[in-house]
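Heads up: the structure comes next, in structure tokens.
The values are calculated or read from the model by the stated rules, or taken from the named source; none is laboratory data. It should be emphasised that the depicted structure is a prediction, and the values quoted were computed from it without experimental measurement. Heads up, the Cβs are rebuilt from the backbone with ideal geometry, glycines too, and the neighbour counts pull from every protein chain shown.
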Amino acid sequence: MRPLNQSRIDLSAVIDAAPFVGLPLRVMVLSFLVMTIDGYDLQAMAFAAPALSTQWHVARALLGPVLAASIVGMAVGSIGFGALGDRIGRKRSLALCVGLLCIGSLASVFAVNLAELALCRVLTGLGLGGATPLATALIAEWTPRRWRSAAVAVVIVGVPLGGTLGAALAAWLIPLHGWQAVFLCGAALPAGLLALVLPVLPESPKYLATRPGQRPALAAALNALVREPRYSGHEAVVQETATSSHSGRRGGFLLLFSSTYWSTTLLLWSAFACNSLALYSFVNWLPTVLTSAGLPLKAALRGSMFFNVGGMVGALLGSALIYRYGSRRVGSTIALGGAVATCLIGTLAVTSALGTGENAELLLWVALSGAALNGMQNFLYVVAAHAYATPIRALGVGCASTLARAGGVLSSVLGSAVFAWGLSARDFFYAIAAVIVVTTVSYRGVPLHIAARVTE
């Protein structure tokens, strides 16, 4: 490796030339743990809902606002902590998010009514919403370019893994200790992680580079990265400048509806909103709907576990396939398969075989739905970033992400409506399948997709 000028640091060049061991690997592992706990706490309310509804004698139709509360908190947290991370640093902001997960979950243990529980879930949601962008930012800023996409993909898979472990834990904890044990575990896990995050996780190098007083800390971190005492803290730091266009900023929001992008914007908004509506309908309501159809609680929680296992496979395998075979064909096929699988869940959810525990086929379709919906969630962000030009890329993806949150909140309406109107589990899954079809059509219609890789 060519030695760098000691009086001048090209920060991106230093990071990109470093091996993916030591500090970058540590950041990935810690971020993965954060996202795993994030995935657990995201679905904790869904795991607890059936038992809580029975103990409190609460109609299932009234659970919607509580299940939506964390998504509302996430919408605020993703914006607020993103800005805070730029001001006080990624590491401290991420520690605050993990702390909120602990406090919100612990407070949920002592809630005595739905209103109190909803407030606790909003507090938890603030931490959930901030953790994802902060963890992914740290990964992107510490990982060499050649490993960056793979590292981010691995970290994001922590979310469905956390849901998988949470479902397994809930099936064991709730019969022994009640639904409160789910939240108590959801508080203990981030509390333990918080003891690791503060002393071990390094601060973002790009944040440190913007603070003159932090140059010694930046030098120490870079020395750990390159594994030799190369930097003293007195060097001038050169960073790549953001490729922002004044014309992009001048047009602002209206550029998304220019003749070039209006169809892209509307189709992406539709796909983001519908996929999140379908995804969070499964995440928030699956145990409650399956128990209402006659499944024992353990079997219903096993359904959540299989949904998340499928999600891990879909997120990893799908991300590899779209770069090989093209995003339009792969994403559309997987999404349509998810719609079919969801219809089959609805058909099986009302058969007499459910009560006997002979539900292997049901779990298979649940896993395939999880693969399709989680895979599509990843595809949408990749395609959105590809479809917009650099000057409006952040704006386009950000607006689409906001629509995704709106779809998540609407999932609480869908679930509540099923119970309020006396509809069956079959109706619930058929409605989700219809939403997935809209996702498929919208996604396929996006004008600019990632092309298939041409092989020799």
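In the range 216-273, the residue that is modelled with the highest pLDDT out of those that are of a type in the set (A, V, I, L, M) and not in a helix (DSSP H, G or I) is Val237. Would you say Val182 is at pLDDT 80 or above and of a type in the set (Val, Ile, Thr)? So Val182 fits the description; yes.
Val109 falls short on exactly one of the conditions (1) at pLDDT 95 or above; (2) surrounded by 22 or more Cβ atoms within 10 Å (Cβ to Cβ), and that condition is (2). If you take the residues of the range 141-185 that are over 16 Å from the mean Cα position of the chain (by Cα) and under 21 Å from Phe81 (Cα atoms), which of them is surrounded by the most Cβ atoms within 10 Å (Cβ to Cβ)? This residue is Trp142. Within this structure, Leu225 fails the test of being within 17 Å of Ala135 (Cβ to Cβ) and out of contact with any strand residue (DSSP E or B) (no Cβ under 7 Å at 6 or more places or on another chain).
State whether the residues of the range 82-97 include one that is within 20 Å of Gly408 (Cβ to Cβ) and either among the polar types (S, T, N, Q) or surrounded by fewer than 24 Cβ atoms within 10 Å (Cβ to Cβ) (or both). Within the range 82-97, one or more residues are within 20 Å of Gly408 (Cβ to Cβ) and either among the polar types (S, T, N, Q) or surrounded by fewer than 24 Cβ atoms within 10 Å (Cβ to Cβ) (or both).
For the range 113-140, filtered to residues that are modelled with pLDDT of 85 or more and of a type in the set (Val, Ile, Thr), the residue that is surrounded by the fewest Cβ atoms within 10 Å (Cβ to Cβ) is Val122.
Inspect the range 64-81 for any residue being touching a Lys or Arg at 6+ places or on another chain (Cβ under 8 Å), assigned to a helix (DSSP H, G or I) and either among the acidic types (Asp, Glu) or not assigned by TED's automatic domain parsing to the domain that holds Leu30 (or both) and give the result as yes or no. No, every residue in the range 64-81 fails to be touching a Lys or Arg at 6+ places or on another chain (Cβ under 8 Å), assigned to a helix (DSSP H, G or I) and either among the acidic types (Asp, Glu) or not assigned by TED's automatic domain parsing to the domain that holds Leu30 (or both).
Looking at the range 386-442 only, could you name the residues that are of a type in the set (Val, Ile, Thr) and closer than 29 Å to Gly326 by Cβ?
Selection gives Thr390, Ile392, Val397, Thr402, Ile432, Val435, Ile436, Val437, Val438, Thr439, Thr440, Val441.
Determine if the range 122-145 includes at least one residue that is without any contact (Cβ under 8 Å) to a residue 12 or more places away in the chain and farther than 25 Å from Ser304 by Cα. No: the range 122-145 contains no residue that is without any contact (Cβ under 8 Å) to a residue 12 or more places away in the chain and farther than 25 Å from Ser304 by Cα. Answer yes or no as to whether Cys343 is farther than 19 Å from Gly163 by Cα and surrounded by 24 or more Cβ atoms within 10 Å (Cβ to Cβ). Against the criterion (farther than 19 Å from Gly163 by Cα and surrounded by 24 or more Cβ atoms within 10 Å (Cβ to Cβ)), Cys343 does not qualify.
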